[in-house]
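Just below is one structure, and these are the notes that go with it.
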Amino acid sequence: MTVQKKSALQFLLFTLLIDFIGFGIIIPVVPNLLKDMLQGNLSTAAVYGGLLSFTYAITQFFFAPIIGGLSDRFGRRPVLLASLFGLGIDYAFLALAPNVFWLFIGRIIAGITGASYGVAGAIIADISPPEKRSQNLGLVGMAFGMGFIIGPIIGGLFSEFGPRAPFWVASSLSLLNWVYGYFVLPETLVEENRRKFNWVMANPFGSVVAFFRYPGPLSGLVLSLFLIFVANHCMETSWSYFTMNKFQWTATKIGFSLAVVGASLAVVQGGLLRIIIPKLGQKNSAYIGIFARVVMSALFAFAWEEWMLYALLVPFSFCFIATPAIQGYISNHVSPTQQGEFQGIMGSMMSLSSILGPLLMSFVFSYFTREGMQPYFPGAPFIVSSLLAILSLVIAIISFRKEKLRVGEKAGE
């Protein structure tokens, strides 16, 4: 890897780390902030939390392919830097929001600026040889894990100064990251791989439909990934509400529990993944990751003691093997000129899952925890997550088998 590519990868990982820290900072404090604003209970706060996530996601859904297309036309550097600056401004906006309405405005801003995740994936594709893409995508998971070690702890500790204090911390980190990136981030997209901006492909529906142009088995794997993305929102959307409701956890305690998730995730994706995928292959690694989600989600749902949650958090991190394995496999079958487009499609799929996931999980939690509900079951969202993972696993098995047959047929031509 050249010095420039190494510099780009290092900055990208640092950028994602700061982004994930900012995201992790606010997770433990959102339920209490909503309870204060709404003067309601956790069930009501969960519904509004799901709606806020929906607003963020639907904005990302529309803007992710635009951001991806712009990065294919003008390069990764200017697009990523603009998004970082906007994200820092958004956190400050949220810290000042006087009521729930302004929180929704802030989520719209965040959805636009946060649509750069696809650009990060495109940068990795630009600088990684095919055999290293899954492992380097796994480094994104390591950054996510490290962010979840640091972010929730900061959020939980700073929540002692009020539910708005963590937002100021997140804003400061994002703006410092933007300044740092301005001086060190190189451009990774060479001129010959740039393409004209295409409004047809920049609309989210065209982007979603575009993946059907890829060979059939690959589009099936995208669908499998989509179901994984939806299932992921059980932890993101329901964990704080679930633990507050069932075990009366505080924001600080939630923050430390998410730090355990982050630490184990960082070990798996930053270290073990670089051993697991080359040794077992992308297909088997995907199977292991999806099956782990099936089992772990079901066990979370029925945990009745706090120690059980902590015992499950470490093996839960193996769920995240599946995403880089499948995404790396698909990326290896996409041409260099379409990496931004493909990552934009991935961004749209993630955003679409973020539209459906939080609404689904928050509704299920609210329904099964409402007053007088029988059976009263706060763990219901985790059962939904497990069922989605089963469907994802079935589709992945079918798609990999079809891809094997297709490759065999081409070799025999």
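The values are calculated or read from the model by the stated rules, or taken from the named source; none is laboratory data. Everything numeric in this text was worked out from a predicted model, so none of it was measured. All accessible areas refer to the heavy atoms of the entire protein, side chains included, with ligands and DNA or RNA removed. Shrake-Rupley method; radii C 1.70, N 1.55, O 1.52, S 1.80 Å.
In the assembled protein chains, K253 presents an accessible area of approximately 80 Å² (probe radius 1.4 Å). For segment 32-101, the pair-distance distribution built from all alpha carbon pairs, in bins 10 Å wide starting at 0, is 17, 37, 28, 15, 4 percent. Counting only heavy atoms of the protein chains and using a 1.4 Å probe, T44 has close to 60 Å² of accessible surface. R164 sits with roughly 80 Å² accessible to a 1.4 Å probe, with DNA, RNA and ligands left out of the calculation.
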